[in-house]
Amino acid sequence: MTTPAFPITRIVKRDGNIVAYDRDRIATAIFKAAASVGGVDRELSIKIALQVEDRLLDVYGPTSTPSVEEIQDIVEEVLIKTGHVKTAKAYIVYRHDRSMQRAGRDAKMEATDNIPYKKIYEVLRWNMDHGCETVDGLNGIISRGDLPELIHACDERYSAEVADGAQKVIERLDDVRIVIIAGPSSSGKTTTTIKMGESLKAAGKELVAINIDHYFFDLEMHPVDEFGDYDYETPQALDLSLINQHLYALLEGKTIKTPHYDFKTGKRTLDVHELSLGPNQILLIDSLHGLYDAMTSAIPSSKKFRLYIETLGQLRDSHGNFMRWADNRLMRRMIRDSWHRNLQPLQTLAHWHYVRRSELKNIIPFIGTVDHVVNSAMPYEIPILKARLFHYFPEAMKLYKDEPKRQDAYIRARRIFELLNGLVPVEDDSPVPLNSLIREFIGGSQYKY
């Protein structure tokens, strides 16, 4: 029997935006709370969500537009009245913790400006000027055959931002010995490192890259998460002590031999790749954790230039919901992992929880310390990524919907599915230049990674 449509069709988010009402989001929140105290029945969560709707109609009426907070109040009330006391307590604690996290983030942003608001506004204005700030706008560009022009404009904009960063390094050449290209997973650090090298050649500086990935411990020494998955994303998976020893030795003019790490075997071999710095050479570090202080603590700050890269995309769907930056990067990584780390796309999706956790702990807090910010989001990449990945998301939604420990994966899959659903996919990536950042993820680059 089909559940009748709920007459309340819109809600007010915390930021004031009005979005479509979604019963499944309420059911998922209840299910996550229940799962935290041992519950495993998603169907029961759906039934409680229907009871929440009945109560919403009683309190606010069928033509109302309740807020997220008001809905959460009703959820707590219904859980308690229907005897689900443990779930209600878990839901209340989770809600409180989220509120405290938001308050902490807001206070921190005000103090350190971790979120580059000016940069985000520039990105939005650029997208609007090029007609690609919405899914509908992208569809129009594709239907008119104008995607190659957008690809050219995006790559040109990104290259200019990297060149601006290189100019800042040139202005500090008397002091800078290390350039750090840092950012969260799949933001495009490796390509940006290469392009920084190209830009700085004109200043007579030869750039030498050190591959931090080779400093991973053997896989069995990595920390594991609550699912028993090995965690590549934490800085504790890297030999930070050896990194600092080698960085200090390099700046002292000594020759080192870096390790070599094989991702397919999970094994590290010491003393493999010889590396040294000449008087006109600058070391480049392309690393997920380049801003993490313990990675370069042996080097004075004056000798380091920190560049932060992130997919600061400003693309929204027909409901006004912006695509999350992390979702953009997740799709990139789902493709790259399949050919670089021998992982299937659904494995990457399921493991993304510890990627995000490590980013929030070990990367985001240090954004306020950087010298330059680069936006690596390319609006044209989303329809190209859709053509390669879209079929995985319905599969993931079905696979993880009733799995208590994989609700984060279900929510991510559903969110990406909803944004991509109305977007025209693009199979042909031939207009993407061989030196484009996107080639780092979809393959076919002229660079060696």
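Where a number appears in this text, it was derived from the coordinates with a stated rule and is not lab data. Because the structure is predicted, anything quoted here is derived from the model rather than measured. Here Cβ is always computed from backbone atoms with ideal geometry, including for glycine, and neighbour counts include all displayed protein chains.
So here's what we get for this one:
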| item | result |
| --- | --- |
| Gaussian network model of the chain, Cα within-10 Å springs - most flexible of Asp175, Asp58, Asp136 | Asp58 |
| Peptides 308-319, 65-76, 253-264 ordered by average Cβ neighbours within 10 Å, highest first | 308-319, 65-76, 253-264 |
| Rounded if a/c under 1.5, otherwise prolate or oblate - region 113-442, Cα gyration tensor axes | oblate |
| Among beta bridges that DSSP assigns inside region 113-442, antiparallel share in %, nearest 5 | 30 percent |
| Most fluctuating residue given options Glu161, Glu359, Glu427, as computed from a GNM of the chain linking Cα atoms under 10 Å | Glu427 |
| Residue-span extension gain [Lys405 to Gln347] - 0.36 nm each, minus C-alpha spacing | 19.5 nm |
| Positive-end residue of Asn321, His340, Ala350, charge dipole of region 312-370 with Cβ unit charges | His340 |
| Peptide ranges 120-128, 386-394, 178-186 listed from the most packed, as the mean C-beta count within 10 angstrom indicates | 178-186, 386-394, 120-128 |
| Paramagnetic reach from Lys168 in region 358-392 [backbone N under 19 Å; point 7 Å along Cα→Cβ] | 363-377 |
| Lysine-lysine proximity count for region 314-449, Cα under 27 Å, sequence distance 8 or more or distinct chains | 5 |
| Region 204-341, relative contact order in percent, only Cα pairs under 8 angstrom and at least six apart counted | 25 percent |
| Residues Leu346, Leu284, sorted so that the one with the fewest Cβ neighbours within 10 Å comes first | Leu346, Leu284 |
| Selected from Leu251, Leu385, Leu349 as most flexible by GNM, with the chain as the system and alpha-carbon contacts under 10 Å | Leu251 |
| Relative contact order of region 10-106, defined on C-alpha pairs under 8 angstrom at six or more residues apart (%) | 32 percent |
| Potential extension, Leu270-Ala160 segment - 0.36 nm per residue separation minus Cα distance | 35.8 nm |
| Sum of -39500 (n - 2.57) over DSSP H runs of 4+, divided by residues of the chain (222 nm, nearest 500) | -15500 deg cm²/dmol |
| Qualifying trypsin sites (Lys or Arg not before Pro) for region 130-206 [loop in DSSP, other Cβ within 10 Å: at most 11] | Arg144 |
| Over the chain, relative contact order from alpha-carbon pairs under 8 Å, at least 6 apart, % | 18 percent |
